[in-house]
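Undergrad: First the structure, which I've put down as structure tokens, then a few questions once you've had a look.
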Amino acid sequence: MEQTDTIARDTARATETRKVFVKTYGCQMNVYDSQRMSDALAADGYEPTQTIEDADLVLLNTCHIREKAAEKVYSELGRIRDLKNERAAEGRQMVIGVTGCVAQAEGDEILRRAPAVDLVVGPQTYHRLPAVVRRARAGEKVIETDYAREDKFDHLPQPDRKIVRARGVTAFLTVQEGCDKFCTFCVVPYTRGSEISRPVAQIVREAERLVEGGVREITLLGQNVNAWHGEGVAKGGSTREWGLGELLFRLAQIPGLARLRYTTSHPRDMDDALIAAHRDLEQLMPYLHLPVQSGSDRILKAMNRKHTADDYLRLVDRIRGVRGDIAMSGDFIVGFPGETDEDFEATMKLVREVDYAQAFSFKYSARPGTPGAEMKFHVEERVKDERLQELQALLTNQLEAFTQSRVGMEMDTLIEKPGRRDGQIVGRSPWLQPVILDETVGRIGDIVRVKVLSAGRNSLFAEPV
Ligand code: SAM
Ligand code: SF4
């Protein structure tokens, strides 16, 4: 009876637009996925809203990488349950969905811990979201976490130009998903599955569509983006496997696409062609996020990273050898099981040697189901805190020194958005820093040559030259 009522109400509202509120946790790949989910739902009559209270459908696109990230989702679900109850008292339905990596990792456990949730959809099946939402609206609890046999990208609608334009002049484009590396601390191979690479033609079509919608800068995404090896065309029209370097050259031919970036890379997959792209490809920005995690060979081995600290340092030298102005960025984990003061000191030494422009550092978080969680000699929380503080102090000094080193430089800036203060506009430097400019300097999407006059902690203040 209840279901029939819902369907009847649905029919009555069929001409109305429903509203979807999507909250994104975690990495850029989730930001991209959230946009594609919104695109899929737009084709089914859902309009995005920034106000959760107005939403007919609330989606939490979640991250499972560290315990804190996963727990945040459950506390948010408590708050949303109250909203759902308030709406139900007014006779209005609110459907709650959990998507992303927590959905994949925890499946029906989510419904047990948070019974207000109506649907759970993993990262590989979100192209089925419109159908799943329809079932949930009819009263069913739906869990879709199997790996789909079909290619989800073939089934996802492209956003229309108006939507692309509204999202701005920089865009993400996922080219690779999943991971086969099995670092012992990491859940990605379990939540995102094994590595897949999208074919060249599909990526080029999506990039062209973004550029038609006004995008000037594209960041290619993948959990291991430089392991991308998609099917491309060979001379004579047959197909063969391409590498990321080749793909970047192909994308650079798209008229109007001014800048390219890619993230996140693994040190073992930086091949010669990709390094050559940093030398030869003007559109490829001089910024590389290349996580090392630790500077201790003993810990790197226990992490199953399959490279040493010296391999990493030599790689950085090679990249800097072809592109002297490249800014290095990285990820670090402190307090991996068994990490001694000496191991930690090796990380500090590596950081001093590389001299990072940007970096992300984390306390080790034991993830259920990963080999790291089962290891002996877990490091005390207090020690992890101390090490993280020490490492972050060093990384912050390096970040500030890098920012200051831009003062007096001339550089191209892609104007991205209005500034926080009246009369200001914000651009992006080749090294990803915000550049604050007077709004008369140009329009959003323009690339203007500027001179940096002064710098804050991470942002630059500049004027046109
Ligand atoms: N594929 C990338 C690589 O190989 O370095 C990393 C992707 S991972 C999604 C992002 C970062 O989260 C990692 O580089 C690592 O520093 C951090 N991370 C992953 N698992 C973690 C854990 N269990 N505890 C703390 N940090 C973790
Ligand atoms: Fe996780 Fe990156 Fe290691 Fe893959 S390579 S397991 S994504 S840290």
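Undergrad: So ARG279 passes all but one of these: (1) within 16 Å of ligand 1 (Cβ to nearest atom); (2) within 27 Å of SER429 (Cβ to Cβ); (3) more than 19 Å from the chain's Cα centre (by Cα). Which condition number does it fail?
TA: With respect to (1) within 16 Å of ligand 1 (Cβ to nearest atom); (2) within 27 Å of SER429 (Cβ to Cβ); (3) more than 19 Å from the chain's Cα centre (by Cα), ARG279 is out only on (1).
Undergrad: Which residue out of TYR126, TYR190, TYR147 is aromatic (Phe, Trp, Tyr) and within 16 Å of ligand 2 (Cβ to nearest atom)? Outline the logic, then answer.
TA: Details: TYR126 fails: within 16 Å of ligand 2 (Cβ to nearest atom); TYR147 fails: within 16 Å of ligand 2 (Cβ to nearest atom).
Unique residue meeting the criteria: TYR190.
Undergrad: Looking at (1) assigned to a loop (DSSP other than H, G, I, E, B); (2) more than 16 Å from ligand 1 (Cβ to nearest atom); (3) under 18 Å from ARG66 (Cα atoms), can you tell me which one VAL379 breaks?
TA: (2)
Undergrad: Quick check on this structure: which one of ALA234, ALA258, ALA227, ALA252 is more than 15 Å from the chain's Cα centre (by Cα), aliphatic (A, V, I, L, M) and modelled with pLDDT under 95? Show your work before the answer.
TA: Working: ALA258 fails: modelled with pLDDT under 95; ALA227 fails: modelled with pLDDT under 95; ALA252 fails: modelled with pLDDT under 95.
Of ALA234, ALA258, ALA227, ALA252, the one residue that is more than 15 Å from the chain's Cα centre (by Cα), aliphatic (A, V, I, L, M) and modelled with pLDDT under 95 is ALA234.
Undergrad: Would you check which residues across region 275-307 are within 16 Å of ligand 2 (Cβ to nearest atom) and among the β-branched types (Val, Ile, Thr) and list them?
TA: Residues satisfying the conditions are VAL292, ILE299.
Undergrad: With the checklist (1) closer than 28 Å to ALA276 by Cα; (2) over 25 Å from the mean Cα position of the chain (by Cα); (3) polar (S, T, N, Q) in hand, flag the one item ASN304 doesn't pass.
TA: (2)
Undergrad: Residues of region 237-273 being assigned to a loop (DSSP other than H, G, I, E, B) and hydrophobic (A, V, I, L, M, F, W, C), which ones? If you could, list the steps in order and put the result at the bottom.
TA: Start the filter on region 237-273 by keeping residues that are assigned to a loop (DSSP other than H, G, I, E, B), which leaves 238, 242-243, 252-258, 264-266, 270-271.
Within region 237-273, TRP242, ALA252, ILE254, LEU257, ALA258, MET270 qualify.
Undergrad: Condition first: within 23 Å of HIS127 (Cα to Cα) and surrounded by fewer than 19 Cβ atoms within 10 Å (Cβ to Cβ). Now tell me which residues in region 40-79 satisfy that.
TA: ALA42, ALA43, ASP44, GLY45, GLU47, PRO48, THR49, GLN50, ILE52
The values are calculated or read from the model by the stated rules, or taken from the named source; none is laboratory data. What you see is a predicted model; the values in this text were computed from it and never measured. Quick reminder, even Gly has a Cβ in these numbers, built from the backbone with ideal geometry, and neighbours come from all protein chains shown.
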